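Every read-out reported here was derived from the displayed coordinates using simple, explicitly stated rules and does not represent laboratory data. No experiment lies behind these values; they were computed from the predicted model shown. As a convention, Cβ positions derive from the backbone with ideal geometry for all residues, glycine included, and neighbour counts pool all protein chains shown.
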Amino acid sequence: MKTKTTLILFMAVVWSMVCIPIVMADQKGEELAAKAALKWLALVDEGKYSESWEGAAQLFKGAVNKGQWKDSLDSVRKPLGKLVSRTVKSRLYATSLPGAPDGEYVVIQYTSSFEHKKSAVETVTPMLDKDGKWRVSGYYIK
């Protein structure tokens, strides 16, 4: 019985040594991704659409060119007016997303309010780019 208890205790210690660093790495990645998302959103909020494209992930740049991105935000985001408030609604770490290559992503949803739209949900998806930096790979506003 003592051997069985010792074995269970040993397995619990080993399990925690394996799992805790993984969870902490995910949390640190989520924090870095969230900071990258807010920095990128600040560019969008300031109307610096070309700069937001330049600061986006390679995956993003491969999907839409700078001119298309600027035109899209001119027609969709600009009419909303100035940002009034933005709070995190949810944040989810993922290694696989539909239509995207496997990698490290954090899907962040914000409840936002704008000058001309009182209630909106912004979804920003930073990813860990090939150079090890978190950059936005997707943006959607509803």
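Things to note:
- Residues that are in a loop (DSSP other than H, G, I, E, B) and buried (at least 17 other Cβ atoms within 10 Å of the Cβ), drawn from segment 56-85: Ala56, Ala57, Arg77
- Neighbours by Cβ (under 7 Å, 6+ apart or cross-chain): first from segment 63-77, of a type in the set (A, V, I, L, M); second part of a helix (DSSP H, G or I): Leu73/Val44; Leu73/Tyr49
- Number of the condition not met by Tyr140 [criteria: (1) touching a helix residue (DSSP H, G or I) at 6+ places or on another chain (Cβ under 7 Å); (2) among the aromatic types (Phe, Trp, Tyr); (3) surrounded by fewer than 14 Cβ atoms within 10 Å (Cβ to Cβ)]: (1)
- Single unsatisfied condition, Val107 versus (1) among the aliphatic types (A, V, I, L, M); (2) part of a strand (DSSP E or B); (3) surrounded by 15 or more Cβ atoms within 10 Å (Cβ to Cβ); (4) touching a helix residue (DSSP H, G or I) at 6+ places or on another chain (Cβ under 9 Å): (4)
- Only residues that are under 18 Å from Lys133 (Cα atoms) and crowded, with 20+ Cβ neighbours inside 10 Å were counted in segment 36-54, giving 6.
- Filtered residues of segment 118-133 (kept if assigned to a strand (DSSP E or B) and either surrounded by 14 or more Cβ atoms within 10 Å (Cβ to Cβ) or polar (S, T, N, Q) (or both)): Ser119, Ala120, Glu122, Thr123, Val124, Thr125, Pro126, Met127, Leu128
- Selection from segment 115-124 of residues that are in contact (Cβ under 8 Å) with a residue 40 or more places away in the chain and under 18 Å from Tyr93 (Cα atoms): Glu122, Val124
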